[in-house]
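Working notes, beginning with the structure itself.
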């Protein structure tokens, strides 16, 4: 049983990071379930949080390098394939310019390896970030320019960002009119119904508990970032 407490459910990055952990758990345990609490989440599985994080740390990265500014068709993180930016969930791609999945994901993965598995919500200085975590801020001043062309770093949480990227692969959040939508639930669900409920689909006999959250996606130059969500 993995119990995650003191989460900010209005933070799309933290929510999708939990979804990413759940996706990883289901790779070894198809009967694993996910339920949300008032301030956290519970993943019912025999695995531990440390085991799941170590799996990511130990995973090798493989991808095709298509050149500067060109997206890879997919990235293999161990046995897990990431490719949602091509067609599955392209609106969830918040990076732009010279930042691609082929530059961002390896940097996040390396940062996670350096941080280790003690604190999956720790912050470090990064020169690239996904933009899904509203807690990620410019370390100097927010001018909206690209970190590729400036001597600046971002105080970001690599584990949140990388796990959220895995979460997007598994849950494909709906983004429409620059609003990111997600639904949370308190009844334990396995992966397939959890995906459906997350995207707003009703499942007979499973209460959604009216937990529809909506976050604005802002433009910062060429990049996009999320704000904290409001419960609708």
Residues located in region 108-123, provided they are touching a helix residue (DSSP H, G or I) at 6+ places or on another chain (Cβ under 6 Å), surrounded by fewer than 21 Cβ atoms within 10 Å (Cβ to Cβ) and in a loop (DSSP other than H, G, I, E, B): 117, 122
Expected single match for out of contact with any helix residue (DSSP H, G or I) (no Cβ under 9 Å at 6 or more places or on another chain) and surrounded by fewer than 14 Cβ atoms within 10 Å (Cβ to Cβ) among 64, 39 is 39
In region 42-61, what residues are surrounded by fewer than 21 Cβ atoms within 10 Å (Cβ to Cβ), in contact with a strand residue (DSSP E or B) (Cβ under 9 Å, 6 or more places away or on another chain) and touching a residue at least 60 places away in the same chain (Cβ under 8 Å)? 42, 44, 49
Can you pull out the residues in region 9-36 that are surrounded by fewer than 22 Cβ atoms within 10 Å (Cβ to Cβ) and either in contact with a helix residue (DSSP H, G or I) (Cβ under 6 Å, 6 or more places away or on another chain) or over 23 Å from residue 215 (Cβ atoms) (or both)? 26, 27, 28, 29, 30, 31, 33
Taking strands (runs of 3 or more DSSP E) that do not extend beyond region 1-76, which have at least 3 residues that are modelled with pLDDT of 90 or more, under 16 Å from residue 170 (Cβ atoms) and within 19 Å of the chain's Cα centre (by Cα)? 33-36
Search result, residues across region 86-102 that are part of a helix (DSSP H, G or I) and closer than 25 Å to residue 215 by Cβ: 90, 91, 92, 101
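Residue by residue, here is whether (1) surrounded by 20 or more Cβ atoms within 10 Å (Cβ to Cβ); (2) modelled with pLDDT of 90 or more; (3) touching a strand residue (DSSP E or B) at 6+ places or on another chain (Cβ under 6 Å); (4) part of a helix (DSSP H, G or I) holds:
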{"residue": "145", "(1), (2), (3), (4)": "no, no, no, no"}
{"residue": "152", "(1), (2), (3), (4)": "no, no, no, no"}
{"residue": "155", "(1), (2), (3), (4)": "no, no, yes, no"}
{"residue": "159", "(1), (2), (3), (4)": "yes, yes, no, yes"}
{"residue": "165", "(1), (2), (3), (4)": "yes, yes, no, yes"}
{"residue": "168", "(1), (2), (3), (4)": "yes, yes, no, yes"}
{"residue": "183", "(1), (2), (3), (4)": "yes, yes, yes, no"}
{"residue": "186", "(1), (2), (3), (4)": "no, no, yes, no"}
{"residue": "193", "(1), (2), (3), (4)": "no, no, yes, yes"}
Every residue from region 196-223 that is in contact with a helix residue (DSSP H, G or I) (Cβ under 8 Å, 6 or more places away or on another chain), modelled with pLDDT under 90 and surrounded by 15 or more Cβ atoms within 10 Å (Cβ to Cβ): 203, 206, 208
Give me the pairs: first residue in region 82-107 and at positive phi and surrounded by fewer than 22 Cβ atoms within 10 Å (Cβ to Cβ), second residue part of a loop (DSSP other than H, G, I, E, B) and at pLDDT below 85, beta-carbon distance under 6 Å, and six or more apart or on different chains, which are they? 97/146; 97/222
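The values are calculated or read from the model by the stated rules, or taken from the named source; none is laboratory data. Values in this document were obtained by computation on a predicted structure and should not be read as measured data. Heads up, the Cβs are rebuilt from the backbone with ideal geometry, glycines too, and the neighbour counts pull from every protein chain shown.
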